[in-house]
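Right, one structure below, let's go through it.
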């Protein structure tokens, strides 16, 4: 039997019961954020935000985005996905400040740095009217945790301006809970029963859909559309 790929599995990361350890412990400055969203650096003048000048040395970006699948590697190098819910993100933000970890940071999860502090933190409640939208961020959903750092570390600030440091990546302790996405369940339920009811060329079409699409919603929509076409064709014969 072929070994099941862990990449096909999705884990929700949840908090344990130890409030002194679980959740986000550090926010790291990295070149390639796992959430695939860069930050923006800015100065504030007359309630409008723009790219930073040398005086302010502040940087803002998303620390955690709810329900975004993040590709990870296990100890064997196998790929899998994890995600956080809005509730887990909100609690993680609370614990982060409750434990006074807003001065904790490093670069690329390796080198501890001084001279950086979180000076502003919020979760997006209304994406359209949130200040993150006014700052130039787009597509960030409700529940996204945004942070602003004051950077008094000259070496780090140079990296930010040069583009070798582009965003945030969290460190923390969470529990993996295996989940099965609803759309994936629906795809399995709809594809399996049609084996004896459709022509062989339809199986070829389904096979092509599975090869060309990696997103479960795209697979579901494509197969549903195909089956509707087949149904219409059979009714007109």
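No lab work stands behind these numbers, since they all come straight from the coordinates. It should be emphasised that the depicted structure is a prediction, and the values quoted were computed from it without experimental measurement. Cβ placement follows ideal geometry from the backbone for every residue including glycine, while neighbour counts extend to all protein chains displayed.
By the beta-carbon count within 10 Å of each Cβ, the least crowded to most crowded order of 32, 149, fewest first, is 32, 149.
Average 1/r across all pairs of distinct alpha carbons in region 75-150, invert it, and you get the Kirkwood radius: 14.6 Å. Taking max minus min of the alpha-carbon positions on each principal axis, region 6-178 gives extents of 47, 36, 30 Å, largest first. Sorting the segments 159-168, 9-18, 122-131 by their mean number of nearby beta carbons within 10 angstrom, highest to lowest, gives 159-168, 9-18, 122-131. Taking 0.36 nm per residue of separation and subtracting the current Cα-Cα distance, fully stretching the chain between residue 154 and residue 99 would add 17.1 nm.
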